[in-house]
Amino acid sequence: MSKQEIENKVENIFETLLFNTRFIVITAVLGSFVASVIMYVKGTLLVYNGLYLFIEQLINYNNVNEHGGEALVTLLISSVDNYLFATVLLIFSMGLYELFISKIDPASRNPDSRPNWLNVKSLDDLKAALGKVILMILIVSFFEKSLDIQYQSSLDLLYLGVGIMLVSGALFLTHIQMNHSTK
């Protein structure tokens, strides 16, 4: 065996070993997937608690105070927050898998059945998909916090209005960026 053949063989073995180390990403994929399932379950438990509170309020209709309604809204908003975060984790898990391990779409499925958000071809695509969902989490959190604030002056209402304008602007810019990137 010549020196060149030995070098080629060593290089081939090293590159194969290096390429196969991509499977370490499976720990992040599985961890994100498990965390996603946990967050979906937590969100569902919050919905269940909200349903329980709602039924309790229906049964005791004459004794319901305004704080019971606020608690119900808070529970349901928190469940949406959990579902959105679970979706971020799921997208992250699927995106990492597609980028480093293998394509998820089996050959037996047609391309029309694949959701657009799952078309991850680069880390930028993954970041853009995650960014949109994170923006939705921030909007829901803003809404949740705006319900808890005690508005005592007109300045507080002005701050709320400015916050709503900033959220609207972020949604508008995201919409423009999405339309621009699809052309």
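The values are calculated or read from the model by the stated rules, or taken from the named source; none is laboratory data. From a predicted model like this one, the values you see are computed outputs, not experimental measurements. In this analysis, Cβ positions are derived from the backbone assuming ideal geometry, glycine residues included, and neighbour counts consider all displayed protein chains.
Points to keep in mind about this one:
A quick yes/no check of all residues on (1) surrounded by fewer than 19 Cβ atoms within 10 Å (Cβ to Cβ); (2) over 16 Å from the mean Cα position of the chain (by Cα); (3) at pLDDT below 85:
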residue	(1), (2), (3)
GLY68	yes, yes, yes
ALA71	yes, yes, yes
LEU75	no, yes, no
SER79	no, no, no
ASN82	no, no, no
PHE85	no, no, no
MET94	no, no, no
ILE101	yes, yes, yes
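- Contact annotation: residue pairs with Cβ atoms under 9 Å, 6 or more positions apart or on different chains, pairing a residue in the range 169-183 that is modelled with pLDDT under 65 with a partner that is of a type in the set (Gly, Ala, Ser) and in a helix (DSSP H, G or I), are SER181/ALA128.
- Every residue from the range 19-56 that is at pLDDT 85 or above, more than 25 Å from GLU70 (Cβ to Cβ) and among the hydrophobic types (A, V, I, L, M, F, W, C): ILE24, VAL25, ILE26, ALA28, VAL29, LEU30, PHE33, VAL34, ALA35, VAL37, ILE38
- Residue within the range 27-47 that is over 21 Å from VAL88 (Cα atoms) and loosely packed, with under 15 Cβ neighbours inside 10 Å present: no
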